[in-house]
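Q: Sending over a structure as structure tokens; questions will come in a sec.
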Amino acid sequence: MSIKRRIINKSNVFVWASLPVLAISFLLILTTWYYRDDVFQTIYDPGEPFQTYTPPLAPDYAKSNAWLMRPDLDMDSINIKGGDVFVVTPTVYLGRYHWNAPLENKKFMGRLQRIVLPNYVQPYQSAGRVFAPHYRQASLYSFLNNRDDAQISQKFAYYDVKRAFEVFLQANPLERPITLIGHGQGGLHVQRLLSEYFTGARKQKLAAAYIIDHPFPLDRFNAELTALSPCETKNDINCVIAFGAFQPKEKTRSSMFKGKTLVWNGAKLESVNQRPLLCINPLIWTRSTQYAPAKLHLGGAAAEGLGNVDIVPAPIAKQTSAQCQDGILLIDKPKQKSLRRPSRFGGKFRTPPSNLFYEDIRMDAANRVQLLLDKNILPRRAPLMEMHDIEIRDSPITEPLARMKKPRK
């Protein structure tokens, strides 16, 4: 047998011997991909009960570094247009080492600056001064199951939000409307703020509350929120807007949204459990199940990395249609790739680095604040009088004039 033939035979043996290994590797990859959601949850499990867990240090909301965005409080707001906007940010902390995000974690804080600030906070500058607190948000892992630990983690995050909101109220003058914004996890916390702070006279100050990508059961308007109502038209104020957007193929996400996601029942958390949900279509701003074509879409923005408050991204319009069906907002796959949910490990659960309804919500929030101001139902405060220096010149001191004697009668 020639040397060449012996080499070929050895090569064939090596190939045949490698096939089982390759087959096993392929099956392993395929299995991992098929069960990727379960693998994702397993990886980010903190692995310690919340009861024995030491939470990260609390933020001090009297300090500016406890806020992702906050206006200059030394400047009198009388000359600043609009109202005051309180934004509760979405989940970007995944978990693994903590149940709640440590604010000293550079990776977490970097995501807030790079993804959340430009996409989910800065758009609302159109409605006035923006306050967005840092808070020890519940990890993404806590939203992928309904364990007792997960519920405690979400309640723990709310108390940070509540403390920040109390500070916000102290900085909010009587004449300035309030707008509440909550994306993702933020939408959960905004719902409880509504039930605890807007059941009385403060309702008149509420331009609107936006609860985006978190379920809002309609029956809450018959329980804790009888003083409020859904925003039925684009000209309504003192009302609530909510929607969760899904493509028809995103059945896992939409099923979890309508079934297992936790919502408030007073101070308790419970599964939404297929209850009817509020859905306001952001292309037509009604609860109608009417189909809204893509030509009505004002625009999304992929603003990742644009952390400069002076930079406003150019919205990309006509990217999706929208229609409310069974409590969720059905949308098309955006034409622009940058506006699509990333296709990566755990991508279906992560906060996207873009805001599909950026311009639609930005314009609507500004409109509702102006509608409330135009109603003239809030107190008015006169601008501070400008103070001018008055120059006083020295003058000589003179003796008083002698009194004139009265004439004799």
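Q: Within the bounds of the range 268-282, is there any residue that is of a type outside the set (Val, Ile, Thr) and farther than 19 Å from Gln191 by Cβ?
A: Yes, the range 268-282 contains at least one residue that is of a type outside the set (Val, Ile, Thr) and farther than 19 Å from Gln191 by Cβ.
Q: Step by step: first the residues of the range 145-173, then only those that are at pLDDT 95 or above and not in a helix (DSSP H, G or I), then the one that is nearest to Asp72 (Cα to Cα). Which residue is that?
A: Asn172
Q: Which condition number does Asn146 fail, the rest of (1) crowded, with 24+ Cβ neighbours inside 10 Å; (2) touching a residue at least 60 places away in the same chain (Cβ under 8 Å) being met?
A: Of (1) crowded, with 24+ Cβ neighbours inside 10 Å; (2) touching a residue at least 60 places away in the same chain (Cβ under 8 Å), only one is false for Asn146: (1).
Q: Continuing with the same structure: Spot the failing condition for Gly47; the list is (1) in a helix (DSSP H, G or I); (2) at pLDDT below 90; (3) not charged (D, E, K, R), and only one is missed.
A: That leaves (1) as the condition not met.
Q: Can I ask one more? Check off (1) under 30 Å from Pro276 (Cα atoms); (2) in contact with a His (Cβ under 9 Å, 6 or more places away or on another chain) for Ala317 and give me the number that stays unchecked.
A: Only one criterion in (1) under 30 Å from Pro276 (Cα atoms); (2) in contact with a His (Cβ under 9 Å, 6 or more places away or on another chain) is unmet by Ala317, namely (1).
Q: Consider the range 83-126. How many of its residues are on the phi < 0 side of the Ramachandran plot and not in a helix (DSSP H, G or I)?
A: Final tally of qualifying residues: 21.
Q: While we're on this one: Testing Glu304 on (1) closer than 30 Å to Asn145 by Cβ; (2) modelled with pLDDT of 95 or more; (3) in a loop (DSSP other than H, G, I, E, B), one condition comes back false. Which one is that?
A: Failed condition: (2).
Q: Would you pick out the residues in the range 325-373 that are in a helix (DSSP H, G or I), of a type in the set (Ser, Thr, Tyr) and either at positive phi or under 18 Å from the mean Cα position of the chain (by Cα) (or both)?
A: Tyr358
Q: Restricting to the range 239-266, what's the tally of residues that are in a loop (DSSP other than H, G, I, E, B) and free of Cβ contacts under 8 Å to residues at least 60 places away in the same chain? Step through it out loud before you land on a result.
A: Of all residues in the range 239-266, those in a loop (DSSP other than H, G, I, E, B) come to 244, 247-250, 260-261, 266.
Restricting the remaining residues to those that are free of Cβ contacts under 8 Å to residues at least 60 places away in the same chain gives 249.
Here the count works out to 1.
Q: Let me ask something additional. Filter the range 168-206 for residues that are polar (S, T, N, Q) and more than 23 Å from Ala62 (Cα to Cα); which is surrounded by the most Cβ atoms within 10 Å (Cβ to Cβ)?
A: Only one residue tops the list, namely Gln185.
Q: Then there's this: Has the range 127-135 got at least one residue that is in a helix (DSSP H, G or I) and over 19 Å from Ile211 (Cβ atoms)?
A: no
Q: Out of Ala227, Ala209, which single residue is of a type in the set (A, V, I, L, M, F, W, C), without any contact (Cβ under 8 Å) to a residue 60 or more places away in the chain and surrounded by fewer than 19 Cβ atoms within 10 Å (Cβ to Cβ)?
A: Every option except Ala227 fails the conditions.
Q: Right, another one. Ile316 versus (1) more than 17 Å from Gly82 (Cβ to Cβ); (2) surrounded by fewer than 16 Cβ atoms within 10 Å (Cβ to Cβ): which is the lone unmet condition?
A: (2)
Q: Any idea which residue in the range 122-143 is nearest to Thr252 (Cα to Cα), counting only those that are of a type in the set (S, T, N, Q) and crowded, with 23+ Cβ neighbours inside 10 Å? Steps first, please.
A: Narrowing the range 122-143 to residues of a type in the set (S, T, N, Q): 122, 125-126, 137, 139, 142.
Add one more test, that the residue is crowded, with 23+ Cβ neighbours inside 10 Å, and what stays is 122, 137, 139, 142.
Numbers: Gln122: 30, Gln137: 24, Ser139: 20, Ser142: 17 Å.
That would be Ser142.
Q: Can you tell me which condition Asn376 does not meet? The list is (1) more than 22 Å from the chain's Cα centre (by Cα); (2) free of Cβ contacts under 8 Å to residues at least 12 places away in the same chain; (3) at negative phi, and all the others hold.
A: (3)
Q: Limited to the range 174-192, what total is found for residues that are assigned to a loop (DSSP other than H, G, I, E, B) and in contact with a strand residue (DSSP E or B) (Cβ under 8 Å, 6 or more places away or on another chain)?
A: Within the range 174-192, the subset assigned to a loop (DSSP other than H, G, I, E, B) is 174-177, 184.
Those left that are additionally in contact with a strand residue (DSSP E or B) (Cβ under 8 Å, 6 or more places away or on another chain): 176-177, 184.
The number of residues fulfilling the criteria is 3.
Q: For Ser195, only one of the following conditions fails: (1) out of contact with any helix residue (DSSP H, G or I) (no Cβ under 7 Å at 6 or more places or on another chain); (2) among the polar types (S, T, N, Q); (3) under 25 Å from Asp84 (Cα atoms); (4) in a loop (DSSP other than H, G, I, E, B). What is its number?
A: Of the numbered conditions (1) out of contact with any helix residue (DSSP H, G or I) (no Cβ under 7 Å at 6 or more places or on another chain); (2) among the polar types (S, T, N, Q); (3) under 25 Å from Asp84 (Cα atoms); (4) in a loop (DSSP other than H, G, I, E, B), the odd one out for Ser195 is (4).
Q: Are any residues in the range 212-224 in a loop (DSSP other than H, G, I, E, B) and surrounded by 15 or more Cβ atoms within 10 Å (Cβ to Cβ), and if so, which ones?
A: Those that are in a loop (DSSP other than H, G, I, E, B) and surrounded by 15 or more Cβ atoms within 10 Å (Cβ to Cβ): Asp213, His214, Pro215, Phe216, Glu224.
The values are calculated or read from the model by the stated rules, or taken from the named source; none is laboratory data. Since the structure is predicted, the reported quantities are computational estimates derived from the model, not experimental observations. Cβ atoms come from the backbone with ideal geometry, glycine included; neighbour counts cover every protein chain shown.
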